[in-house]
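Okay, structure first, notes after.
The numbers here are math on the coordinates, done by the rules we state, and not lab data. Owing to the predicted nature of the structure, the values given are computational and were not obtained by experimental measurement. Cβ sites come from the backbone with ideal geometry, for glycine too, and all protein chains shown count toward neighbours.
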Amino acid sequence: MKQSGLPPEIPAEGFIKLTKPQGSDLSDEKRIALIRMGNELLARGDLDRAKKIFFTTNYKEGMTKVGVALFQKGEYLEALRFFYFADNKEKIGIICSKMAEVLKIWLRSDS
């Protein structure tokens with residue numbers, strides 16, 4: 001993976017986390033700089049790099065923004081994962097309600 005423009009603290013292979021981020025040992029200055037970079041990347045549509053930065057910094061608002069972008073792209077399960085990481089119960093409820101409606105339709109069509 002090419003590391004164009006990312007600070008040296010971010011490994012070239014990126015970050016993949018399957019559990020909720022726990023916070024990091026980044027200084028406030030580095031965390032703020034990374035969050036700004038993540039917001040810029042997200043604004044340009046670079047979701048993959050923005051996701052890694054928001055995970056690294058445990059920036060919940062950024063994770064919610066990524067979840068919204070994924071939801072708009074139709075990637076509902078990935079969006080749900082990001083809303084979970086962001087502890088955004090409102091967005092989780094919306095997606096779960098939509099999934100329940102889909103399941104109801106599937107169950108009706110099978111009978």
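On a full-extension model of 0.36 nm per residue, what is the gain between GLU61 and GLU78, subtracting their alpha-carbon distance, rounded to one decimal in nm?
Working: separation 17, 0.36 × 17 = 6.12 nm, distance 1.60 nm.
Stretched fully, the GLU61-GLU78 segment lengthens by 4.5 nm.
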Mean separation of Cα contacts under 8 Å (at least 6 apart) over the residue count of the stretch 28-110, i.e. the relative contact order in percent, is 19 percent
Quick shape check on the stretch 42-95: root eigenvalues a ≥ b ≥ c of the Cα gyration tensor, a/c under 1.5 is rounded, otherwise prolate if a/b tops b/c, else oblate, and it reads oblate
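Calculate the FRET efficiency for LEU107 and ASP46 from the Cβ-Cβ distance with a Förster distance of 35 Å, rounded to the nearest 0.05. Please list the in-between numbers first.
Values: r = 39 Å, r/R0 = 1.11.
So, using R0 = 35 Å, E works out to roughly 0.35.
So which of LYS51/LYS104; LYS51/LYS73; LYS30/LYS51; LYS52/LYS73 end up more than 25 Å apart, counting from Cα to Cα?
The answer is LYS51/LYS104.
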